[in-house]
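Read the figures in this text as sums done on the coordinates, not as results from a lab. Just so it is clear, the structure is predicted and the values come from calculations on it, not from any experiment.
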Amino acid sequence: RPGLFYGQCSEICGANHSFMPIVIESIPVNHFIKWITNKVN
C-alpha cells in the first residue's frame, strides 16, 4: 500500500546502529515503472 513507513536498523554490525532511522516510501507500481523508465532513458 502507498505511504511512508518508519523503522530503525535492527542489525548489530557496527557502532550506533540502534540510532539509524529508516524511512521507506511505498508508491503505486505504475508510478515506479514511469520513474524507472525515465531513469533508463
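Here are the numbers:
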item: Listed candidates (1) 5, 29, 38, 22, 5, 0; (2) 6, 19, 17, 14, 14, 13, 13, 5; (3) 5, 28, 42, 19, 5, 0 - label of the one calculated as P(r) over Cα pairs in 5 Å bins from 0, in percent; result: (2)
item: Mean Cα-pair separation over length for the chain, i.e. relative contact order, pairs under 8 Å, 6 or more apart, %; result: 40
